[in-house]
1. So for the pair B:SER115, A:LEU103, with labels modelled 7 Å out along Cα→Cβ, what separation do we get in nm?
2. Lysines near B:LYS34 by alpha-carbon distance under 26 Å, same-chain residues fewer than 8 away left out - which ones?
3. Can you find, among A:ILE63, A:PHE274, A:GLY110, the residue farthest towards the positive end of the dipole of the stretch A:52-313? Put +1 on the C-beta of Lys and Arg, -1 on that of Asp and Glu.
4. With a 10 Å cut-off between alpha carbons and a GNM built on chain B, which of B:SER146, B:SER233, B:SER169 moves the most?
5. Relative contact order of the stretch B:236-284: what whole-number percent is it, with Cα pairs under 8 angstrom and at least 6 residues apart?
6. Is the C-alpha gyration tensor of the protein assembly as shown telling us rounded, prolate or oblate? Criteria: a/c under 1.5 is rounded; beyond that, a/b larger than b/c is prolate, otherwise oblate.
7. Given the C-alpha centroids of the stretch B:148-202 and the stretch B:224-285, what is the distance between them in whole angstrom?
8. In square angstrom and rounded to 100, what buried accessible area do you get between chains A and B, total over both, with the probe at 1.4 Å?
Amino acid sequence: MNSRGRKAFIIILFNFIAVILGIVSGLIIIYFAGGSPIRAIEAIFFDPLSSSSGIQQIVIRFIALYTMALGIGLALKAGLWNIGAQGQFTVGMVMVFVAYVYLRYLHPVGLFFVMILLATVGGMVWILAPAILRIKFGANEIVITLLLNVVALYFGTYMINGPIRGSQSFGYPITDTLPQYLTFPEITQGITYALPFTLAIGVLLYLLVERTPFGMHARVVGESLETSLYAGINYSRIMLITMLAAGGLAGLAGATYIMGYLKHLDAGQFGTSFGLLAIIAAMLGRKNMLGIAFSSLFVGYITIGTEEMAVSVNVPTSVVFAMEGIMLAGVLLSTFILERTKIGTVLLGE
Amino acid sequence: MVSVENAVVDVLSLTFRFAPLYIFAGMGEIISEKAGVVNLGIEGLMLMAALTTFVIDVISGSPYLAIFGALAVAILFASVFGLLTVRLGFDQVVTGLAFYLFGLGFSYVLFIKFSSTNPVALFTNIQPVNVPLLSRIPFLGPIIFSQNPLVYISLILVLAVYLFLNRTSYGMRVKAVGENPVAADNMGINVNRVRFLAVLFGGITAGLAGAYFEIGFLQNFQFDVIAGRGFVSLALIYFANWGPIRALFGALIYNVVDAAQTEFLFVAGPAFQTSSQLFAMLPYLFLVALIPVFGRKARPPKYLMVPYKKR
C-alpha cells in the first residue's frame, strides 16, 4: 500500500473506532434509561440493513447530509463555520412549498426546477447576512448562523401555519402533498433520482474544489488572510462564494429531501438535527469532498440505526442527540491522537 | 382596557425577569472568552443545570439545594470542557457543539426517567424579595426592586466582573492569556491554568443561568427548554465588545424587545395568534440587525479559539 493510501486507511480506522466508542458510551446511557444494550447494538447495526425500508432511509439521510456537508466542508476550507445548515435546510424545505403554492400556474417541468432553484436561493439568503457581516465587519459567523437557526424554526412554523398550509389540512399545520409530477421519479424501492442528482453535484464539487485553483485559493484563505493577500487572492470574494455555496447547498438539501422523499412538510421536520450531523460528517471527512461522501454515508447509517434503536428498545429518542454528542467528541479525540501525539506521528509516518 | 403605564411597567418588569438568564451566562462567557476560550457548550450545560435544578427541587423541596446541585453539575461539565479544549487543545467550536448535543439529549432522557417515577412534580419556588425602602419608589420600585433574589445577584455579578477585569491583577492575567499567551507565559503566568479556571467560572455562571431559568420562571421541564438562549448570550457579549457593563445593557435592550412582543401578544390576544411566530423572531432579528451598528468596533481577544501549547 502506498503512503497516501496507508494514511487514509489509518484516519478512517481511527475515526471508525471513535464513533464505536461513542456508541459504547451511548449504550451506558441506554442501560441507565432502562433499555437493553444488547438489543440496542443489534438495532443500531443490523436493523437498518435488514429491510429495504431501512436501506431507503439510509440513502435519504445520506443525500441530505452529503449535500449539506459538502457546503460546510467547503466553507471550512476557507476557515468559515456554517453552523446554520439546519436553518438553511428548513428554509429550503419551506421554499419548495412557497413555489408550489404561489407559482402553481407554471409549466410542471419548469415548476419542478423553479422549486429546486428557490430552495437553493432561500438557503443562500439565509446565510447572506452572516456572510456579509463577517466579510464587512469581521463579525463572528458562528454565533450569527446559530441564531438564524432559531429564526428559521419560527419562520418555518409560521409558514406552515399560514401561507403554505395545505388546502386539505383541516387547520392543522401541514402542507399539501406534492403531486407525483413535481417529485423526483422513483428508481427502485423508494430510492429516487434525487440520489444520482446529488451524486452529480458531489462530483462537480469534487472537481471544482479538489482539482482547480479555486479550491487551493480557499485553502490559502483558510490558513491565513495575510498569506492570501500576499498571494494576490481576493479573499472577500472567496469567503462570499464559499459561504453562499454552503447556504445554497443546505437549501438544496431541503429541496431534495422534500421532492425526493417526504413530499409534504409538517412541524416535525424542523426538529431534526441534520444540520449538526452534517458538521460531524464534514469533520469526519476531513473537509475533503470525496471523504465527505463516505463519512456522510457512515453518519447516515449510524444515525438511522440509532433512531431505530431508540424506538425498539423503548428509550426516549432524544438519546440519539446525546449519542451524537459523544460520537463527535470521539472524532475530536481521534483527530487529537493522530495529529498531536507520538502514536499519530508514528502511524502516519510524518 | 390596559393602561399604557401598566403595560410599560409590565414590559420593564418582564425585562428584568428575563435578563438575568443572559446576564449570568454572559458574564461567565466574557471571562472565558477574554482568556481565549469560546464555550458554545453552555447551551447544553444550561439544559443540564436546569434539569438538575428541577429534579432536586421537586425531590427535596429546597430551591437552594437545587441551585447547589446545578452548580455541581456545571462544574463537572465545565471541567471536562476545560480539560478537552485547554489541556488537550481540541477544537473549541466542535467540542462546544458536542456538549450542546449531549446536554440536549441527555437532559431529556433524565427528565423522562425522572417523570416516569414522579408523575406529579411540585416545584418549590424562591419568593420575590421586596428590597426595603427601594421597592416603594414609584414606577422603578415594582420594576427592579421586587424581584427574585437571583435577579439582584445577577446585577451584583456584573459589577463584580467589571471590577475583576479592570481593577485586579487577576483580571489582568485573564486578559493577558487571551491577548498574548506567549508574552503572558514569559511573564511567568501559567496560561493554561488561567484559561482552565476561566472556563470553570464560565461554567458556574452558566449553571446559575440554567438554575435561574427554572426558579425564575419555568418551574417545569421539557425538551430543549433553553431553546437557543445560551447562544443568544454568546451573541450579546459579542455586541458588548466583551465589556460587562455594555453586556448588561445589551441584555436589557434585547429583553425589552422580547418582553414587548410577549406583552403585545398577551394583550392583543387571539387576533395575532397566527402570526405569533413572526413576533417571536423579532428579538433575534433585532440582534442581527444591531451588528453593523455595535459590532463594527468589536475586537475579539486576539487568541480567541487558539489553543496554547507551551514550548
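1. Output for this residue pair reads 4.2 nm.
2. Hits, sequence-local ones excluded: A:LYS136, B:LYS175, B:LYS297, B:LYS302, B:LYS309, B:LYS310.
3. Looking along the dipole axis, the top candidate is A:GLY110.
4. Looking only at B:SER146, B:SER233, B:SER169, the biggest GNM fluctuation is shown by B:SER169.
5. It comes to 31 percent, rounded to a whole number.
6. Values: a/c = 1.44, a/b = 1.19, b/c = 1.21.
Rounded.
7. A separation of 27 Å, based on Cα centres.
8. Working: alone 16570 and 15150 Å², together 27850 Å².
Interface area, both chains combined: 3900 Å², rounded to the nearest 100.
The values are calculated or read from the model by the stated rules, or taken from the named source; none is laboratory data. These numbers come from a predicted model, not from an experiment. Positions of Cβ are backbone-derived with ideal geometry, glycine not excepted, and every protein chain shown enters the neighbour counts. Heavy atoms of the whole protein, side chains included, go into the accessibility calculation; ligands, DNA and RNA do not. Shrake-Rupley method; radii C 1.70, N 1.55, O 1.52, S 1.80 Å.
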